[in-house]
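One structure is given below, encoded as structure tokens.
The values are calculated or read from the model by the stated rules, or taken from the named source; none is laboratory data. Owing to the predicted nature of the structure, the values given are computational and were not obtained by experimental measurement. Cβ placement follows ideal geometry from the backbone for every residue including glycine, while neighbour counts extend to all protein chains displayed. For accessibility, only protein heavy atoms count, side chains too; no ligands or nucleic acids. Shrake-Rupley method; radii C 1.70, N 1.55, O 1.52, S 1.80 Å.
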Amino acid sequence: MVSAVYARQSVEKKNSLSIEGQIDLCRRAAGGDLRVYSDRGYSGKNADRPAFQDLLRDIQAGKIDKLYVYRLDRFSRSVADFGRLWEILQAHRVEFVSVSENFDTATPMGRAMLHIIMVFAQLERETTAERVKDNYYRRAALGSWPGGPAPFGFSNGRLTAEDGRSVPTLIPNEKAEIVLRIFEAYGAEEASLGSVAKLLNAEGIPSSRRGTWDNVALSRVLHCPAYVMADEEVFLHFKALGAVVTSPPEDFDGRHGVLLVGKRDKSQKKYTDVKDHAVSILNSPGFVPADLWLRCQNKLARNRQLGNSGKGTHTWLTGLLKCARCGYSVKVLKEPNNRRLVCSGRYNLAQCDAAIGGKLEELETAVAREIEALLAECRESQPPPALDETFKARLEELDRKADRLIAAFAESSDLPAAYLRRALGRLEAQRQALLAEKHRAESRLELPGRLVFGDLNFQEKKRVAARFVRRIDLSQDGAEIHWNV
């Protein structure tokens, strides 16, 4: 009979028996030499352990007749996993002995004891995990930082609570200025995640996790509510999103940050939905003004809605080109000496057999000529499309804010009506101020002459084209332009 011992130790601790000690005790119980399999630095929750896998292969090859372990959890820490492993042991007639728990599966009593121990071990771990989870949520609800690394711009710290206890908190550090600058830069009308990342990288400012900034790192910072000086508009913002706000409205005093806690669907992007997540006021200060933080959240939400539309750099007609047969977008493939038009329904999805004819250069020339003719009919005092679009976007943002406020009021039975009145009043004041600013901009606008499409830069051409053109249907035979005028 060939006997083996399996030993495992994830972390060396004073109260943890070493691998050598486990092997020695098993040898004494076996009364002879054993084939040794050991894994150092591996958790029992992970079955992908090198020596453990070697042991399973040898068992399945019929090389082992009896297996010794110091304790059951050295072998497996999950009832489900052990059930699968026990089937393998039984299938190859391998006896199992736990030395410290004093049972041997060669006997009926040993087999019964084995299953009982596994059930209680699993129950203990699940109970411990539930206690840790409950403690985490309780600390969060009370405003303490629940644990883990501090967000970029903060350091972990402690403060003395009203009852004299020392509780975890967040303390702004020297990187808080970088965070505030990120919000201010992204809050600008024409800014994008890419342009802000480029600015920070050009100045050699290191990111939170890597050497350079990218869209993911910036998005992580911009979404974090711990930075916001949370006021009642932030309270209403989370209410409208369907979050469960555990702090009373009066705690949103415009000074403290916010903690957002909730289980996220791994199949979804990190920040897509906060419905049913718990929101509470932190005991730590915020340092990003509420209106700036909310403006950035609205902008990030618009980015999610827009997806990748309008990001093309190969033509100012990006987003307007559609396949006449299937309706999917037509994309531009940049080749060394050519820009080729292809239907994305065919190229990406294999759901269309249409071929796109014509040359992009000729299409751009034809559209530009028509836009020039339309611009010639416009009054010289008319504001350029970029100015019009800027005010339109800001007014639409105010409308979205008002919709969210009304939705939050409708969803919440304990939300004071005074909150809604004050918030809507502020939005109306902002609307009137914006309309007045638009009127002043239009009245003082002085154009040196008629707007010339050919003199505009790439982004300006893209905005003007989007204003005049609804879409362009492309086929093998040519193009059909659908105008907004």
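Distance between the modelled labels on R158 and T107, one decimal in nanometres: 5.0 nm (7 Å Cα→Cβ projection). Note on surface exposure: M109, M229 rank M109, M229 by accessible area, highest first, 1.4 Å probe. Measuring between alpha carbons in the structure, the pairs from K239/K461; K175/K462; K438/K461; K334/K462 lying more than 30 angstrom apart are K239/K461; K175/K462.
For the pair S43 and T212, a Förster radius of 45 Å applied to the C-beta separation gives a FRET efficiency near 0.85, rounded to the nearest 0.05. Here the gap between R28 and D251, fully extended at 0.36 nm per residue and compared with their Cα-Cα distance, gives a gain of 73.9 nm. The simple Förster model, with R0 at 51 Å and r as the Cβ-Cβ distance, assigns R339 and R426 a FRET efficiency of 0.60.
Accessible area per residue was computed with a 1.4 Å probe on protein heavy atoms; K275 scores about 120 Å².
Spin-label model, E87/V167: points 7 Å from Cα along the beta carbon direction are separated by 4.9 nm.
Seen from H482, the other residues with C-beta closer than 15 Å to its C-beta sum to a net charge of +1, counting Lys and Arg as +1 and Asp and Glu as -1.
Roughly to the nearest percent, how much of the accessible area of the range 153-203 is carbon and sulfur, given a 1.4 Å probe? Don't skip to the end; give the middle numbers.
Working: 1490 of 2890 Å².
With neighbouring chains kept in place, the figure for the range 153-203 is 52 percent.
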